[in-house]
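To start, the structure under review is shown below, and the notes come after it.
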Amino acid sequence: MENITSSSAYLESLGLGATPKSEEPASKSDEFLTLMLAQIENQDPLEPMDNGQFLTQLAQIESAGGIADLQKSFDNMANTLQSNQALQASSMVGRNVVVPSDTSVLRNGNLSGAVGLADDAERVDVKIYNESGSLVRTLDLGALSGGISSFSWDGKDAEGNVLPDGQYEIKSTAWYSGGATEQLPTMANATVESVTIGSGSQGIALNLDGLGSWRMADVLQIHQ
């Protein structure tokens, strides 16, 4: 008597022991068609069902599926954009940025900021106040052209005393020809310490030394 080999290949050739193939999940439209055919086959011949209604419902299902696919594409695109923004923002850690602010930070005997002018001014000054609101120094910037102009302070008061590090309020005034004066918008120069990646509409925030969290859109200038 010949030996009978019970190998898996032999069993599979007989259709035995073969691993059943996993079926792909049916789409919503396929499920609806199956249900529609079953209802048609079992409908009352005296009161036939409206096939036009089935077609309308099928079109609605296809439309809903298309919207879901579109929403998925938008979500993927939003995630990609957020990842790119996070990568760009992370490269800013350690760099200095200029943001609109009426306070700036004194660190190691240096405070820097900027003022914005719409027109040329004959003279511009910057007044610096400590946390208690006392004026500690006035910087005369002289005549400035319209645009953004930078300034810096060495951290000393009018008598040459070294003041402690920390936040200081800055106010700027411009004098124009004809005697007109104007309070100018001020800006602070600060170092990016870290980046926070928010979810949804929160977006990406830059955490600045001594000035807290700021949006990327608030940054006016970027320095090395």
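The values are calculated or read from the model by the stated rules, or taken from the named source; none is laboratory data. Computed from a predicted model, the values in this text were never measured in an experiment. Cβ: placed from backbone, ideal geometry, glycine included. Neighbour counts: every protein chain shown.
Hey, any hits in region 188-197 for a residue that's touching an Asp or Glu at 6+ places or on another chain (Cβ under 9 Å) and surrounded by fewer than 16 Cβ atoms within 10 Å (Cβ to Cβ)?
Yes, region 188-197 contains a residue that is touching an Asp or Glu at 6+ places or on another chain (Cβ under 9 Å) and surrounded by fewer than 16 Cβ atoms within 10 Å (Cβ to Cβ).
Here is the figure for region 185-217: residues that are modelled with pLDDT of 85 or more, more than 15 Å from THR103 (Cα to Cα) and of a type outside the set (Gly, Ala, Ser) total 6. Look through region 90-126, keep the residues that are among the acidic types (Asp, Glu) and in a strand (DSSP E or B), and return whichever of them is farthest from LEU220 (Cα to Cα). Of everything passing the filter in region 90-126, GLU122 is farthest from LEU220 (Cα to Cα). Considering the conditions (1) more than 15 Å from ASN110 (Cβ to Cβ); (2) touching a strand residue (DSSP E or B) at 6+ places or on another chain (Cβ under 8 Å), ARG137 is excluded by exactly one of them, (1).
Under the condition of being at pLDDT 90 or above and among the small types (Gly, Ala, Ser), which residue from region 168-184 is nearest to THR103 (Cα to Cα)? Among them, the one singled out is SER172. Looking only at residues of region 133-165 that are surrounded by 14 or more Cβ atoms within 10 Å (Cβ to Cβ), touching an Asp or Glu at 6+ places or on another chain (Cβ under 9 Å) and not charged (D, E, K, R), we find that the one that is farthest from GLU122 (Cα to Cα) is LEU163. Taking first residues from region 185-208 that are of a type in the set (Val, Ile, Thr) and partners that are at pLDDT below 90 and assigned to a helix (DSSP H, G or I), the Cβ contacts under 7 Å between residues at least 6 apart in sequence or on separate chains come to VAL195/ALA89; VAL195/SER90; ILE197/ALA86; ILE204/GLN85; ILE204/ALA86; ILE204/ALA89; ILE204/MET216. Quick one: is ALA118 within 13 Å of PRO185 (Cα to Cα), at pLDDT below 95 and either loosely packed, with under 14 Cβ neighbours inside 10 Å or under 26 Å from the mean Cα position of the chain (by Cα) (or both)? Yes, satisfied.
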